[in-house]
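Engineer: Below you will find the structure I want to go over with you.
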């Protein structure tokens, strides 16, 4: 059944499941690489299949600006446009509007702002975000929300009221989840009572999945984990839970332990473009002279194309010479690293060994 | 047999053959994409196999500077280092020394110049070029030559004398073609008598293949074709003939007609990085607004990954948004376009239809 969420095993609060979508099944917990403007930077879709990606995120704000969501719709939707035939998720545009643009006005109806590309004045409302996301046609779409700094209670409270009003309007503008599943976003910053209020309110509207928004935006890691500790038990157990914008390997581990099912982050491709590789021993800067003559692959036990084919010395040379291929090879490895990390956690859940896996992983990665 | 050149068919002056190398067979005529610093820019080796590339060029000058030919040798040679297991060719470094660097001194022994990267003083001699190319380990290596402007007779004459002396020294420094075949380079600019002198002299030394150097460097196309007209009949018929640095589709057609077997050029990947695609109707700038809503592939009858998967509208979007994937997709298509062009000419030679193919191709491409 479309958008059915099956939980196949649990281990503590963690769950291993499958989320069924019109473009295929998503094994959870899952990490989604981000294709901001309709391309996971430097990585062709066929490489994403090979890596084992089962969900790709794209950004509503960016695609509305360029090339335009109506153009994408007229060309058959985002799957067709970007050549990715698997499950896809679009965000609401809210986070980008609040983090990238010059805001002119926030009112209860929506947000007026200037494009970060050409400065033209634009206005997003919940209804308009729904319209854009319907034009793009992703399998999972998100409610338009206000994303404030999570640590200022007064600001968070006011934003929460709007986010809830807007969630109602999004649900009304997208009443039918048959083709696209609309997820609600639980906000409330780092304040347990607001998170509880938000989780309860959104469930009263009813969504096929729920996100935890407003984290990984400036709070400390311990604040983030503490917020998850209080929020996760408030979320329905039979729906997927999506922690937006989180992708650091340690955060993925800590969050899966707490019951999160879906993640996305630009980190693996962004650090790749800065010449860094994710490894079990932490993030390493491949520009370092120490790798100049190193015949080993980025990671000894990795079976991605990069590690099967090239040495650290070669990657280091490409980074040093500012060669385009460095972006491709490091992006592939880094996405593979996170997806492999999720796969191992999923297996550990089936085996009832998640805590042991996580401790061992974190000890080495953070060590 | 290693480095045996078999001619399988001729059509006028044109030849269809196979050049056997330690890393596999090269069907000729052949176009080699260029991997300047040990990477065909933005294109992984496995995509080159898929496109049908059978020969890749790399640059001795660039690799000596970065990462260093001794490092490449210590890591198993250039094939191993860059992950390309097919036939490979390195140039001598001469062209780069004369075109990229600040020359301090040219004398009969060699050239002293400053690195274009960090300004450090370096000296190339014929023996040193051979040493570097032996360290890199390409299948085909080239004599170190002086590459002057081809239209100033006095300069060309003086350079030719040096090029011939240096060819003798290269042959002495690399007397055995068992593992790496050393090609001689016929110089002489646009002057028929100097080309004849050069072709005769080099054959008296004896090489398993001969290049035509010093063309496509500023002379007109008709000067280039006229020079080929007088030079090609002077070259041995039983050895491969390599026209260095040529890759414009019309030049490939005109040169194959005149009996050239091997080509290389950075053009397909360079124009890709500028957002242009090669098509049977000429080179098109994909930045153009006219493609914004175009659902067709770059080229209707092309079976490269780019054309099988993506629309002009998507490519245009990637170029417009300065996305890295644009470089990859356009580079793949453009290299495929040239290799497909060569494959069609090769078949036309077998069919005795090269003139008809060429006329039809040029009419459409230049039209």
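Laboratory data are not the source of any read-out in this text; all were calculated from the coordinates shown. What you are looking at is a predicted structure, and each value in this text was computed from that prediction instead of being measured. Neighbour counts run over all protein chains shown; Cβ positions are idealised from the backbone, glycine included.
Engineer: Counting residues that are more than 23 Å from residue B:357 (Cβ to Cβ), which strands (runs of 3 or more DSSP E) fully inside region B:169-271 reach at least 2?
Structural biologist: Values: elements: B:181-186, B:210-212, B:241-243, B:262-265.
Per the criteria, B:181-186, B:210-212.
Engineer: Of the residues in region A:62-79, how many are free of Cβ contacts under 8 Å to residues at least 60 places away in the same chain and either at the interface with chain B (Cβ under 10 Å from one of its Cβ atoms) or under 17 Å from residue A:131 (Cβ atoms) (or both)?
Structural biologist: The total comes to 9.
Engineer: Sort out which residues of region A:166-178 are out of contact with any strand residue (DSSP E or B) (no Cβ under 7 Å at 6 or more places or on another chain) and under 18 Å from residue A:97 (Cα atoms), and write them in order of number.
Structural biologist: Hit for region A:166-178 is A:166, nothing else.
Engineer: Let me ask something additional. For region A:55-67, which positions are out of contact with any helix residue (DSSP H, G or I) (no Cβ under 9 Å at 6 or more places or on another chain) and surrounded by fewer than 17 Cβ atoms within 10 Å (Cβ to Cβ)? Full working, then the answer.
Structural biologist: Of the residues in region A:55-67, the ones out of contact with any helix residue (DSSP H, G or I) (no Cβ under 9 Å at 6 or more places or on another chain) are A:55, A:57, A:65.
Residues satisfying the conditions do not exist here.
Engineer: Which of the residues that make up region A:113-155 are crowded, with 21+ Cβ neighbours inside 10 Å, more than 11 Å from residue A:174 (Cβ to Cβ) and in contact with a strand residue (DSSP E or B) (Cβ under 6 Å, 6 or more places away or on another chain)?
Structural biologist: Result: A:113, A:124, A:136, A:138, A:139, A:140, A:145.
Engineer: Among the residues of region A:298-316, which ones are crowded, with 24+ Cβ neighbours inside 10 Å and either more than 14 Å from every other protein chain (Cβ to nearest Cβ) or free of Cβ contacts under 8 Å to residues at least 12 places away in the same chain (or both)?
Structural biologist: A:314
Engineer: OK, next. Could you please find all residues in region B:19-56 being in a loop (DSSP other than H, G, I, E, B) and within 12 Å of chain A (Cβ to nearest Cβ)? Steps first, answer last, please.
Structural biologist: We begin by selecting, within region B:19-56, every residue in a loop (DSSP other than H, G, I, E, B); these are B:22-23, B:29, B:35-44, B:52-55.
Once the filter is applied, which keeps residues that are in a loop (DSSP other than H, G, I, E, B) and within 12 Å of chain A (Cβ to nearest Cβ), region B:19-56 yields B:35, B:36, B:37, B:38, B:39, B:40, B:41, B:42, B:43, B:44.
Engineer: Further question on the same structure: Would you be able to tell me the number of residues in region A:317-336 that are surrounded by fewer than 23 Cβ atoms within 10 Å (Cβ to Cβ) and in contact with a strand residue (DSSP E or B) (Cβ under 7 Å, 6 or more places away or on another chain)?
Structural biologist: The initial filter retains those residues of region A:317-336 that are surrounded by fewer than 23 Cβ atoms within 10 Å (Cβ to Cβ), namely A:320-324.
Next cut, in contact with a strand residue (DSSP E or B) (Cβ under 7 Å, 6 or more places away or on another chain) only: none.
Total satisfying the criteria: 0.
Engineer: Take the residues in region B:272-297 that are assigned to a helix (DSSP H, G or I) and in contact (Cβ under 8 Å) with a residue 60 or more places away in the chain; name whichever of them is nearest to residue B:252 (Cα to Cα).
Structural biologist: Step one: list which residues in region B:272-297 are assigned to a helix (DSSP H, G or I), which gives B:272-273, B:289-291.
Next, only the ones that are in contact (Cβ under 8 Å) with a residue 60 or more places away in the chain stay: B:272-273.
Numbers: B:272: 18, B:273: 21 Å.
The residue in question is B:272.
Engineer: Give just the number: which of (1) touching a residue at least 60 places away in the same chain (Cβ under 8 Å); (2) closer than 16 Å to residue B:318 by Cβ does residue A:37 not satisfy?
Structural biologist: (1)
Engineer: I've got another one for you. Within region B:270-284, identify whether any single residue is within 18 Å of the chain's Cα centre (by Cα) and surrounded by fewer than 20 Cβ atoms within 10 Å (Cβ to Cβ), and answer yes or no.
Structural biologist: The initial filter retains those residues of region B:270-284 that are within 18 Å of the chain's Cα centre (by Cα), namely B:270-272, B:278.
Going one step further and asking which of them are surrounded by fewer than 20 Cβ atoms within 10 Å (Cβ to Cβ), we end up with B:270-271.
Within region B:270-284, one or more residues are within 18 Å of the chain's Cα centre (by Cα) and surrounded by fewer than 20 Cβ atoms within 10 Å (Cβ to Cβ).
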